[in-house]
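Right, one structure below, let's go through it.
Values in this text are rule-based calculations from the coordinates and carry no lab data. In this text the structure is predicted, and so the values were computed from the model without any measurement. FYI the Cβ positions are ideal-geometry reconstructions off the backbone, even for glycines, and counts take in every protein chain you see.
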Amino acid sequence: MISDNLGKFYINGAWVAPQSAARMGVENPATEEIVAQVALGDLRDIDAAVAAARAAFDGYTVWPVQKRIDLVKRILEIYNARAEDFALAMSTEMGAPITWAREAQVWAGQVHIEATIKAAEEMAWEYARGTTRIVHEGIGVCGLITPWNWPMNQIACKVAPALIAGCTMVLKPSEIAPLSGVLFAEVCHAAGVPAGVFNLVNGTGPEVGARMSEHPQIDMMSFTGSTRAGTAVAAAAAATVKRVAQELGGKSANIILPSADLEAAVAAGVAGCFGNTGQSCDAPTRMFVPRARHAEALAAAAAAAGEVVVGDPRDEATTMGPLISKAQFDKVQRLIQSGIDEGATLVCGGLGRPEGVSRGWFARPTIFGDVKHEMTISQEEIFGPVLSILPYDSVADAVRMANDSVYGLAAYISGSLEEARPVARQLRAGTVNLNYPDWDTSAPFGGYKQSGNGREYADWGIHDFCEIKGIVGFGD
């Protein structure tokens with residue numbers, strides 16, 4: 001689904017022509033074909049969008065909370081009605097297998113909006129503490145920058161709580177995968193979001209993103225992307241002392257304890273690593289296994305990798321599509337080569353495209369064994385279907401290696417709860433998953449260390465978009 005509005009921006013309740021003539025081709029990474037042209041904004045477009053958001057804020061933020069919740073409910077209704085449009089858009093722009101696009105990518109947007117609505121309805125927006133009144137209010141105008149790998153997940157995680165908190169906003173989706181973001185703006189318009197409350201400008205990070213980050217009329221930046229880009233956002237935002245919430249990179253550890261069902265745990269870990277073609281910041285990319293069972297783990301991992309079906313994203317049998325771009329493909333190839341050069345055992349996969357594939361940015365599902373903690377593939381975020389398996393001598397040894405990382409977004413543990421619970425408390429990660437549980441959209445999501453700050457999902461996300469006011473002497 002390619003919208004007719006791809007060459008425009010959504011500002012102040014209308015689709016408007018960009019100030020610049022700059023355009024960028026939107027590539028289908030499965031075919032390497034340019035399927036559309038997206039307009040790229042400049043400083044004038046951002047200034048116009050911010051001005052619209054600033055003008056709309058005072059009137060919108062005083063809406064009763066229930067009225068703001070009802071607005072988001074209308075967005076959800078229209079979003080669900082256009083689910084297939086979103087699935088086709090994300091399958092086209094990022095190469096997501098169509099079944100994955102429907103059941104994971106589109107679904108993620110839906111369940112996050114639902115969780116935000118539920119949390120808002122249960123939240124204490126005002127309460128008394130003695131004679132002081134504690135009030136949660138929208139922080140102001142928000143700049144939202146979202147990535148290409150989970151477009152609707154991240155747009156929903158920012159726009160829904162910002163709207164419910166009483167904020168106005170400017171959204172910059174990834175220019176690499178802009179189709180779904182434009183569709184979401186159409187949904188907001190159809191739902192009756194007031195003019196200026198939600199605005200969308202496409203563009204590059206160095207131009208549009210940088211201007212948003214430094215803009216004196218933006219009160220908060222919410223950014224999801226690489227740690228490198230996140231530090232640039234924070235640095236640009238510092239001069240205006242705006243709030244910055246960041247969800248950044250990861251290199252998540254997956255500790256398989258001695259009590260675990262090794263074959264089942266390894267298979268689930270491989271699936272978690274390879275999902276979304278490995279392009280998830282919280283993917284379990286470092287698997288730690290007991291040294292005595294290392295060979296057994298490699299065999300189980302190879303068997304699980306053999307079940308992956310790489311192919312045409314529009315084929316419902318496909319389970320893995322391409323990487324997003326040539327740049328990402330080249331990065332993954334470089335890191336696979338580093339694993340080979342540094343002496344890791346190549347269990348399956350390796351360099352180049354899968355057999356029989358001649359175009360598209362398809363990578364081979366790759367697993368390395370005998371990985372040492374200091375190897376590049378154990379330290380650097382790859383963002384592709386590459387799993388590193390590291391043997392450990394003791395659980396304490398596994399915990400030490402898991403924590404010895406600049407990242408701290410997520411972690412995974414398999415084994416008995418009696419054994420896993422104390423290990424979970426030792427891991428320096430924002431989310432620790434025990435025995436591959438169902439996704440909990442009400443759990444806080446965010447990272448330690450260079451994986452970011454702030455938390456998303458449900459009430460955690462709403463709080464990030466709120467200021468807290470104490471009215472002292474308010475009375476009973």
- Item | FRET efficiency for ALA17 and ILE468, using Cβ-Cβ distance with R0 set to 45 Å, rounded to 0.05 | 0.65
- Note on the structure: Under 5 Å from the placed amide H of SER414, counting only residues 5+ away or on other chains, we find ILE255, ILE256, LEU257, ASN435
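Can you list the DSSP H helices in the chain whose Cα atoms extend at least 20 Å along the helix axis and whose mean Kyte-Doolittle hydropathy is -0.5 or higher? Don't skip to the end; give the middle numbers.
On the way: long enough: 43-61 (26 Å, 0.32); 65-81 (24 Å, -0.05); 107-122 (23 Å, -0.17); 151-165 (21 Å, 0.97); 326-341 (22 Å, -0.59).
TM-like helix candidates: 43-61, 65-81, 107-122, 151-165.
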- Query: Looking at PHE288, SER378, SER416, which one has the Cα that reaches farthest to the positive end of the dipole of the stretch 253-440 (charges on Cβ: Lys, Arg +1; Asp, Glu -1)?
  - Reply: SER378
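For the stretch 1-80, give the magnitude of the charge dipole about the Cα centre (Cβ charges: +1 Lys/Arg, -1 Asp/Glu; no others), in debye to the nearest 20.
Numbers: 8 positive and 10 negative charges, 91 e Å.
Roughly 440 debye for the stretch 1-80.
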- For the stretch 303-378, listing GluC sites (Glu not before Pro) in a DSSP loop whose Cβ sees at most 13 other Cβ atoms within 10 Å gives GLU307, GLU316, GLU355, GLU374
- Return a whole-number percent for the relative contact order of the chain, with Cα pairs under 8 Å and 6 or more residues apart as the contact set. 19 percent
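For SER405, SER358, SER180, SER414, what's the fewest-to-most ordering of other Cβ within 10 Å of each Cβ? Could you put the intermediate results ahead of the total?
Values: SER405 23, SER358 6, SER180 30, SER414 26.
Result, fewest neighbours first: SER358, SER405, SER414, SER180.
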- Quick one: work out the % antiparallel among DSSP beta bridges in the chain, nearest 5. 45 percent
- Message: I want to check the label-to-label distance for ASP404 and ARG74. Put each point 7 Å from Cα in the C-beta direction and report it in nm to one decimal.
- Response: 5.7 nm
- Message: Modelling each spin label as a point 7 Å along the Cα-to-Cβ direction, I'd like the GLU419/LEU351 distance in nm, to one decimal.
- Response: 3.9 nm
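Kindly provide the Kirkwood hydrodynamic radius of the stretch 253-440 in Å, to one decimal, from all pairs of distinct alpha carbon atoms.
Values: mean 1/r = 0.0607 Å⁻¹.
After inverting the mean inverse Cα-Cα distance, the result is 16.5 Å.
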- Task: Specify the inter-centroid distance of the stretch 202-244 and the stretch 314-368, based on alpha-carbon positions, in whole Å.
- Result: 32 Å
- Message: If I take R0 = 30 Å and measure r between the Cβ atoms of THR231 and ILE2 in this structure, what FRET efficiency does the formula 1/(1 + (r/R0)^6) give, to the nearest 0.05?
- Response: 0.35
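Return the subset of LYS158/LYS251; LYS172/LYS251; LYS73/LYS251; LYS172/LYS469; LYS73/LYS449 for which the Cα-Cα distance in this structure is over 32 Å, preserving the input order.
Numbers: LYS158/LYS251 23 Å; LYS172/LYS251 26 Å; LYS73/LYS251 35 Å; LYS172/LYS469 29 Å; LYS73/LYS449 35 Å.
Pairs exceeding 32 Å: LYS73/LYS251; LYS73/LYS449.
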- Message: At 7 Å along Cα-to-Cβ for each site, give me the label-to-label distance between SER338 and ARG314 in nm.
- Response: 3.7 nm
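Quick one: dipole size for the chain, taken about the Cα centre, charges +1 on Lys/Arg Cβ and -1 on Asp/Glu Cβ, in debye to the nearest 20.
880 debye
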- Task: Match the structure shown to one of the listed values (i) 22.5, 74; (ii) 23.2, 79; (iii) 21.0, 61 of Rg and Dmax of the Cα atoms in Å, computed from it, and give that label.
- Result: (i)
